[in-house]
Amino acid sequence: MNVDFTSEQVDAEHKARGFRCWGYHFYIRKSGEIEKMRRVEEIGAHVSGYNTDSIGVCYEGGLDVKGKPSDTRTEEQKASLLLLVEKLTKDHPIVQINGHRDLSPDLDGDGIVEPNEWIKICPCFDVKSEFGDMIK
């Protein structure tokens, strides 16, 4: 969808869900601007069960014109996300790069989290194939 969703709106939504403030560390706007939301040293509130050991990144968008989950990243967002992931993997001991959906439980125990097991669909693209080779 071509609807703006500001970091202030993310903050308001997270507060409405009972969080102290926004849960992500970084927010990437459609323009490619990277907004710092939380200090990296601060525990996030972006993915249940993984917040203490992770850095949360969110991008503006993720829904198509019908409101369905979709990879709506602009070229500017893709470029900024790549730069941010490169910086984070350089500056921090990153051992995995995952999307929300990758952290869903493996309900059938086959070692693969399949689409029917996803708790969340986001980020609507395959994070592991896009960024998996960036791990040191």
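The value of relative contact order for region 11-136, using C-alpha pairs under 8 Å at least six residues apart, is 19 percent. When only the Cβ of Lys, Arg, Asp and Glu is charged (+1, +1, -1, -1), the dipole of the chain relative to its Cα centre reaches about 420 debye. If you plug the beta carbon distance of L83 and S48 into 1/(1 + (r/R0)^6) with R0 = 22 Å, you get a FRET efficiency near 0.20. Straight-line cross-link reach from K128 at under 18 Å between alpha-carbon atoms covers these lysines, not counting any fewer than eight positions away in the same chain: K78, K87, K90, K120, K136.
Taking a ≥ b ≥ c as the square roots of the eigenvalues of the alpha-carbon gyration tensor, the chain is classed rounded because a/c is under 1.5. Of S31, N51, Q77, whose Cα points farthest to the positive end of the dipole of region 1-83 (charges on the beta-carbon: +1 Lys, Arg; -1 Asp, Glu; origin at the Cα centre)? Checked the options; the winner is N51. Each other residue within a Cβ distance under 13 Å of D106 adds +1 if Lys or Arg and -1 if Asp or Glu, for a net charge of -4.
Normalising the Debye intensity of region 82-133 to I(0), with uniform scatterers on Cα atoms only, and taking log10 at q = 0.23, 0.25, 0.26 Å⁻¹ returns -0.88, -0.97, -1.01.
Working ranking of peptides 65-75, 19-29, 103-113 by packing, defined as the average number of other Cβ atoms within 10 Å per residue, highest first, is 19-29, 65-75, 103-113.
Read the figures in this text as sums done on the coordinates, not as results from a lab. Computed from a predicted structure; not experimentally measured. When we count neighbours, we look across all protein chains shown, and the Cβ atoms used for this are built from the backbone with ideal geometry, even at glycine.
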